[in-house]
Amino acid sequence: MLREFNFPDVGEGIAEGEIVHWLVKEGDWIEEDQDLVQVETDKAVITLHSPFTGKIEKLYGKEGEVIKVGALLTTVQDGGEAAPAPQAEKTNSGTVVGSLGEEKEIEIVRPILATPAVRALAKQMKLALAEVKGTGPGGRITKEDVERAAEKIAGPLGAAADIYGPVEKVSLRGLRSTVAKRMAEASKRVAAVTLWEDADITELERLRAEEKKRAEAKGVKLTYLPFLIKASLAALKAHPYFNATLDEDGEEIVVKKYYNIGIAVDTSDGLMVFVIKEADRKSLLDLAIEGAALAEKARDRKLDLTELRGSTFTITNYGVVGVSYGTPIINHPEVAILGMGRIKDRPVALNGQIVVRKIMPLSFAFDHRVIDGVEAGRFLNVVIERLEHPDLMLTPQ
């Protein structure tokens with residue numbers, strides 16, 4: 001049976017191409033997916049592959065000749081025998097079979113458009129490209145098309161395995177779905193930049209040890225978080241554009257005159273951010289008590305909506321899982337977020353001597369559409385100054 005291969009529509013508005021080099025000659029035996037001819041379009045030089053196996057009967061077009069999309073490139077004799085068909089009919093594979101006199105039949109094959117990498121992937125999966133529906137430009141078969149087709153062939157295993165091995169599929173629902181959407185929204189809409197710096201909190205640790213005893217007497221565990229909130233409040237008041245949101249539609253920066261601090265907490269269902277309202281009006285002990293209570297409610301999924309809304313600036317603590325630095329994602333539509341890393345004893349140079357100091361790593365992400373890096377650096381310096389000189393946090397701000 002003779003099969004025709006025409007110059008396919010390779011997409012991107014290409015209507016013609018110039019034959020650069022035939023990679024085979026008449027009489028050659030060719031395998032399916034073997035390189036056939038190089039054609040130069042106005043976009044690039046592309047290599048077309050044979051969609052079938054057989055002996056090349058005839059090549060159409062000379063090197064240097066310009067051919068239109070749809071023009072006949074070659075006919076291939078596959079040596080197969082089939083009954084003559086009086087009329088053309090469509091087959092399941094998308095080909096058209098018709099008669100050529102009484103002695104020969106011709107099959108016009110739907111061109112298979114796929115890159116060499118996709119063809120190699122299909123071979124690896126033992127998948128016939130002719131059975132794959134292409135969703136790319138001009139019907140081009142993509143890597144995803146091949147993977148989807150392979151998963152369908154997997155049959156009952158499709159829910160528990162992909163083309164490479166066993167998998168577990170977990171529905172993206174509830175809080176995890178909400179987190180995913182918010183993170184995707186933030187990454188698309190915010191021009192985020194992150195600064196990293198360390199704070200020497202050796203003196204803060206001394207102060208915390210003193211305050212910790214008073215807190216324990218009242219049944220409160222005093223962590224570093226209330227101190228970081230206090231330090232952040234000082235920086236927010238000195239640099240108010242960080243206590244703001246960006247109104248993109250109104251093209252306005254909305255600077256908040258109140259200070260509601262969001263605290264990111266890990267739960268079994270995903271990340272939640274509870275809000276300490278009017279944090280600037282509360283003492284260290286008040287912040288510790290309210291923060292602990294809200295964190296417990298978050299883990300038990302008992303927070304109400306009012307406790308999840310209204311934050312103007314967010315703090316996240318990934319140091320609890322042993323991480324030092326990160327690139328925290330801004331809690332959109334806020335314009336900044338401060339991350340606290342794992343606190344460690346480190347050797348540092350101090351007054352010409354190597355000494356061991358307690359260091360708190362900080363990661364500060366901000367929206368560069370609203371604030372420049374210099375201003376962000378100044379903000380972070382205020383935070384560090386308060387952490388390294390904790391007595392300043394005990395005086396009215």
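Could you check the stretch 148-165 and list, in sequence order, the residues that are surrounded by fewer than 17 Cβ atoms within 10 Å (Cβ to Cβ) and modelled with pLDDT of 80 or more?
Arg148, the sole residue that qualifies.
Applying the selection to the stretch 294-308, what residues are within 29 Å of the chain's Cα centre (by Cα) and farther than 22 Å from Ser268 by Cβ?
none
Looking at Val348, Val356, Val370, Val382 in this structure, which one is of a type in the set (Val, Ile, Thr) and within 19 Å of Ala231 (Cα to Cα)? So that I can check it myself, show each step before the final result.
Details: Val348 fails: within 19 Å of Ala231 (Cα to Cα); Val356 fails: within 19 Å of Ala231 (Cα to Cα); Val370 fails: within 19 Å of Ala231 (Cα to Cα).
Residue meeting the stated conditions: Val382.
The conditions are (1) open to solvent by 40 Å² or more (accessible area, probe 1.4 Å); (2) closer than 19 Å to Arg357 by Cβ, and Ala184 fails exactly one of them. Which is it?
With (1) open to solvent by 40 Å² or more (accessible area, probe 1.4 Å); (2) closer than 19 Å to Arg357 by Cβ applied to Ala184, the lone miss is (2).
What about Gly291, is it open to solvent by 30 Å² or more (accessible area, probe 1.4 Å) and more than 22 Å from the chain's Cα centre (by Cα)? Even if it seems obvious, please write down each step before you answer.
On the way: open to solvent by 30 Å² or more (accessible area, probe 1.4 Å): no; more than 22 Å from the chain's Cα centre (by Cα): yes.
When the stated conditions are applied, Gly291 does not pass them.
(1) within 21 Å of Phe364 (Cβ to Cβ); (2) part of a helix (DSSP H, G or I); (3) hydrophobic (A, V, I, L, M, F, W, C); (4) open to solvent by 20 Å² or more (accessible area, probe 1.4 Å): which one isn't true of Leu246, the others all being true?
(2)
So Tyr259 fits all but one of (1) assigned to a strand (DSSP E or B); (2) farther than 18 Å from Ile371 by Cα; (3) not aliphatic (A, V, I, L, M); what number is the exception?
With (1) assigned to a strand (DSSP E or B); (2) farther than 18 Å from Ile371 by Cα; (3) not aliphatic (A, V, I, L, M) applied to Tyr259, the lone miss is (1).
Of the residues Leu228, Leu284, which single one is open to solvent by less than 60 Å² (accessible area, probe 1.4 Å) and in contact with a Lys or Arg (Cβ under 7 Å, 6 or more places away or on another chain)?
Numbers: Leu228 fails: in contact with a Lys or Arg (Cβ under 7 Å, 6 or more places away or on another chain).
The conditions single out Leu284.
Within the stretch 230-272, can you find the residues that are under 25 Å from the mean Cα position of the chain (by Cα) and hydroxyl-bearing (Ser, Thr, Tyr)?
Thr245, Thr267, Ser268
Across the stretch 191-220, which residue is farthest from the chain's Cα centre (by Cα) among those that are assigned to a loop (DSSP other than H, G, I, E, B) and either more than 25 Å from Phe379 (Cα to Cα) or of a type in the set (Lys, Arg) (or both)? Outline the logic, then answer.
Of the residues in the stretch 191-220, the ones assigned to a loop (DSSP other than H, G, I, E, B) are 191, 201, 218-220.
From what's left, either more than 25 Å from Phe379 (Cα to Cα) or of a type in the set (Lys, Arg) (or both): 218-220.
On the way: Lys218: 46, Gly219: 43, Val220: 40 Å.
Looking at the filtered set, the residue picked out is Lys218.
For the stretch 1-15, name all the residues that are touching a residue at least 12 places away in the same chain (Cβ under 8 Å), under 40 Å from the mean Cα position of the chain (by Cα) and either loosely packed, with under 13 Cβ neighbours inside 10 Å or part of a loop (DSSP other than H, G, I, E, B) (or both).
Across the stretch 1-15, the qualifying residues are Phe7, Pro8, Asp9, Val10, Gly11, Glu12, Ile14, Ala15.
From the list Leu271, Leu172, pick out the single residue that is farther than 23 Å from Leu387 by Cβ, in a loop (DSSP other than H, G, I, E, B), among the hydrophobic types (A, V, I, L, M, F, W, C) and open to solvent by 20 Å² or more (accessible area, probe 1.4 Å). Write out each step before concluding.
Working: Leu271 fails: in a loop (DSSP other than H, G, I, E, B).
None of the others qualify; the one that does is Leu172.
The values are calculated or read from the model by the stated rules, or taken from the named source; none is laboratory data. The model shown is predicted, which means the values in this text are computed figures rather than measured ones. Here Cβ is always computed from backbone atoms with ideal geometry, including for glycine, and neighbour counts include all displayed protein chains. The accessibility values were calculated without ligands, DNA or RNA, using every heavy atom of the protein model including side chains. Shrake-Rupley method; radii C 1.70, N 1.55, O 1.52, S 1.80 Å.
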